[in-house]
Structure formats: C-alpha cells, structure tokens
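Taking it in order: structure first as structure tokens, then the write-up.
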Amino acid sequence: MKRRRAPLAVLTTVVVTAATLTASTAAHAATTTFTPTADTYVDNSATGTNYGTSGQLGADNSPVKRTFLKFAVSGISGSVANAKLRVHTDDVAGAESPSGGTFRSTSNVSWTETGVTWNNQPAVDGATLGSLGAVARNAWYEIDVTSYVTGNGTFSIAITSTSSDGADYDSRESGATAPQLVVTDGTTPPPGDPVWVGAGDIADSGSGDTATAALLDNIQGTVFTAGDNVYNSGTASEFTSYYEPTWGRHKARTKPSPGNHDYVTSGATGYYNYFGALAGPSGRGYYSYDLGNWHIVSLNSNVSMSAGSAQEQWLRQDLAASTKPCTAAYWHHPLFTSGANHAPETATRPLFQALYDANADLVVTGHNHQYERFAPQNPTGGLDNARGIREFVVGMGGAGAYSFGTIKPNSEARNTGTRGVLKFTLHSNSFDWQFVPEAGKTYTDSGTTNCH
C-alpha cells in the first residue's frame, strides 16, 4: 500500500453522524483527545498476514478488509458528554470510496496490533455506532460514539464495508492524521468566573498547533483566535488539513477573528465558510458577545478601520450599547509591538481610540509570532495607569517564531520561541492573565489588572 504525505489535495468537509454535540456542553467541559494504542486491518486474500505496522487502514468488500482500532481512555471525571471518533482518509488515488464503511464496537479488547490476522481477528459483534457515506481522499470524517465510550476504559471499534470500492484511512503511524477519539467530559465545572483563552497565528503543516491545541484540551472556557488561523493562504483545504485536526476540536466554543493570511483567499471565504456563524456576519468579520461581567468585541484589521468607516462606527455604537463594567477587544494586527518582522499597524489606532473613549480595559492581537505584554497605554502609546488599555501580542499559537527588534516603550514582558496560549480569568471588575507554555517549555507570565 502507498503512504501519504502530499498534504493538500481537494478536501471535503467533516461529516458527522448520529447524535449532535451541543455547543453549550463543549463550551463548559474539558475535552481530551486520544490516539489509538493499537490499529490494524485484516485481509481475506492474505489470511495469515499481519498489517499492524502499515500506514494505511482498509475497509473493503473485494477483497474483504476490516479495520480495528483500540483506544485506552483515562483521566475522565464523571460522565462523558460526547465522544467522537475521527478518521482521515489517505491521500493516494483509490483511498476515496462511495461508502466510508460501518463502525461497530467489539467485545474483544485484548487483541494486539502486531498479532491480528484474518484468521484470528476479533469478532465484530458489538453495536453499530454509525456509518459514513461517500468519502473523498485526504479528508477528516467523524462518527459519534458516545453510546459506547461512556467513561474510562479500553474500547475497540471495527470498520467494515459492503462496497467493492472501499475506503483507505490513515493509521496511527501517520502522525498528525492518525485516528482520534475526542472525549468531552460531562462533569459540571466548578463555580467561578469565565475563562477566555487563545492565541493567534495558529495552524500550518508543522507541529506547533498540535502542541497548543493540547493545552486547550485541559482548559475550560471560551476560545478566541487572534487571526492567521491557517497558513499560508486561508484556503478551505488548509482549514480542513491543518486547523480542523488540532484547534478544530474546540471549534464549538471558539470565537475567531481573521488575519491577513486568512484573507489571501479572496474575501477570506475559507475562514467564513469554516467558522460559519461563529465568525459573525459572513464577510464582515466583526461582532461582539458577553462573558460574565465582560463585553468582548472581535474586530477585523483586514478591512477599513479609519475614523468614520463602517467598522469604526459600528464599534462605537456597540460599545455605547453595552451595560457591562469591563470590556475587551481582539484583532490581528497590533498597534503596539516590538516585533522585528511586522511594524506597529497604525491603521488600527481609530479602533483603539474608540475603545479608549469607552473606557475599555484589554486588547489582544497577534501577527508577530511571539508573546509581548504592554503596560496600560493611551492610543498614542503613552503610559496611562488611570484609563489606559493593556495590550497583549499573542502570536504564539503554532506558527514559526519571530525575533524582536527595538523594544518599544511600556513593553513589560516578552518571549519568543515558546508556543502557548494566553488564559484570561474574567472577574467582575478585574482580569487575571496567565501565559500557558507548550509541553516541555518553562516560560510563563501572569498578573492581574483592574477594570476602569
């Protein structure tokens, strides 16, 4: 069998069958992603052959091929709110199929990856969990397996097919496109103030987005993105190939904003089609919402921001209508930054001015691939501890790191080379921040600021 690694063929959207994951559950519960502890397939044309080290998994009816997946689930507290099996079709000719197969549980969970052949395969004797219709090559698909995965334990799932033109999926040897079991913990979170967490400059063909998505797996709350969600061009295929398998598993609780790379695709259609209603009115790119005592505004630094522009006028009206005591905003291009790659974007100043005039408290941006925290400032960059807005640059979501240039006034903390997410806890009249680094790194930054 052929191995995959041509990364960008034409991709389909993810297909979800069976029960539907509710956004309210995903927004408040911890999500953990498990990869198989074992996966293989069997073939009735080679009854004594083991395929445990193959990079491909087959589900076919001519010859008959059956795939077996095994997952060890641990660390789940309480009940399971939702469990999704995610599989990725191989990126070779013939991996597509008019039938993606039927997914069933098996009672035998003791089989081993390197021991299974057609002759000693586990019986496909459990409940039917779901099925897939036509599948394209190089695409992710989902099956709801909540009825089977109900807590910690070992779970075995078989994929069979009645089609003589079967499907081929990537195995765990494939790395980023290995099968995934995404489990959402149904435990009610402890009482407390809302958590708002995220980063910008996120998903590409590297592993940085995988590392930061793993951090989100263990942080409850609402996820934000500070633009450049995918590289290099914001295409639909990049969203499916890069963002979906990593940050995409937190999509239901994500409030995105677009970046310049998202707009390399004309009109950022890849971005708007992927996020749908989560991105606000299609094609506009700015919207607002409330979290606890906070009013939060997602803005678009890729369209006009000048005084009197549609976006600036909307922002002023939106801020005037808010009754919340604290306000935050986020967009892609920073007004203040010490990054060497991208200079401060002065075109964003009218937005910052509107926020300052409304006594806003917090601005989050990306664009430079690094972390930087500024003291509270006015729109011209002057230190203003009375009414100033604290800005963070959080472009460490996964893309390659940038260096710093001349350090700008009022820059209080900086780091490059450590990917991570920035976690905010939004209190009734203040906010805490905490930089959470990727596994294996030690840089962190934390503190508290009162609302105005």
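Brief remarks follow.
- Only beta bridges with both residues in the range 207-346 are counted; by DSSP, about 40 percent of them are antiparallel.
- Solvent-accessible surface (1.4 angstrom probe) belonging to Glu345, in square angstrom, nearest 10: 60 Å²
- Pairwise label distance in nanometres, Arg387 with Asp43, each label 7 Å out on the Cα-Cβ vector: 7.3 nm
- Maximal additional length on extending the Ser79-Ser428 stretch stands at 122.6 nm, based on 0.36 nm per residue less the C-alpha distance.
- Calculated FRET value between Glu173 and Ser233, using beta carbons and R₀ = 35 Å, to 0.05: 0.75
- Short-range pairs are left out: with C-alpha atoms under 8 Å and at least six residues apart, the relative contact order of the chain is 15 percent.
- Packing order of peptides 33-46, 118-131, 217-230, highest average first: 217-230, 33-46, 118-131 (average count of other Cβ atoms within 10 Å over each peptide's residues).
- Summary value for the range 313-452: 22 percent relative contact order, contacts being C-alpha pairs under 8 angstrom separated by 6+ residues.
- Here the range 214-356 has an Rg and Dmax of 15.1, 42 Å, counting Cα atoms alone.
- Net length gained if the chain between Thr150 and Val109 were fully extended (0.36 nm per residue, minus Cα distance): 13.2 nm
- Taking Cα centre as origin and charging only the Cβ of basic (Lys, Arg, +1) and acidic (Asp, Glu, -1) residues, the dipole magnitude of the range 53-105 rounds to 300 debye.
- When the solvent-accessible area of the range 75-149 is split by element, carbon and sulfur atoms take up 49 percent of it, the probe being 1.4 Å.
- When you count the other C-beta atoms within 10 angstrom of each residue and take the mean per peptide, 139-152, 389-402, 317-330 line up highest first as 389-402, 139-152, 317-330.
- Relative contact order of the range 212-277: 43 percent, from C-alpha pairs under 8 Å at least 6 residues apart in sequence.
- Values of log10 I(q)/I(0) for the range 85-131 across q = 0.16, 0.19, 0.26, 0.28 Å⁻¹ run -0.65, -0.86, -1.05, -1.05, by the Debye formula with one identical scatterer at each alpha carbon and no solvent.
- Convex hull volume of the Cα atoms of the range 33-105, normalised per residue: 125 Å³.
- For the range 168-250, the C-alpha radius of gyration sits at 1.20 times the compact-globule guess of 2.2 N^0.38 Å, with N the residue count.
- Carbon/sulfur fraction of accessible area - the range 310-452, other protein chains in place, 1.4 Å, %: 46 percent
- For the range 216-298: rounded, prolate or oblate by the Cα gyration tensor [a/c cutoff 1.5]: oblate
- For the pair Ser309 and Thr442, the difference between a 0.36 nm per residue extended length and the Cα-Cα distance amounts to 43.6 nm.
- Taking all protein chains together and a 1.4 Å probe, the residues Asp357, Asp90 rank Asp357, Asp90 from largest to smallest accessible area.
- Computing FRET efficiency as 1/(1 + (r/R0)^6) for Asp165 and Ser403, where r is the C-beta to C-beta distance and R0 is 51 Å, gives about 0.50.
- Per residue accessible area of the range 67-202, 1.4 Å probe, in Å²: 33 Å²
- For the range 376-450, the spread of Cα positions along the three principal axes, ordered from largest to smallest, is 38, 33, 17 Å.
- Rolling a 1.4 Å probe across the protein heavy atoms gives the range 375-452 an accessible surface of 42 Å² per residue.
- Here the range 161-243 is assigned +1 on the Cβ of each Lys and Arg and -1 on the Cβ of each Asp and Glu. Its dipole about the Cα centre then comes out at about 180 debye.
- The orientation-averaged projection of the convex hull spanning the C-alpha atoms of the chain amounts to 20.6 square nanometres.
- Computed E for Ala127/Thr35 - FRET, C-beta separation, R0 22 angstrom, nearest 0.05: 0.45
- In the chain, the longest principal axis of the Cα atoms and the axis of helix 310-321 are about 80 degrees apart.
The values are calculated or read from the model by the stated rules, or taken from the named source; none is laboratory data. Note that the structure is a prediction, hence the values are computed from the model and not measured. Using ideal geometry, Cβ is built from the backbone for each residue, glycine included, and neighbour counts are taken over all protein chains shown. Calculation scope for accessible area: heavy atoms of the full protein, side chains included, ligands and nucleic acids excluded. Shrake-Rupley method; radii C 1.70, N 1.55, O 1.52, S 1.80 Å.
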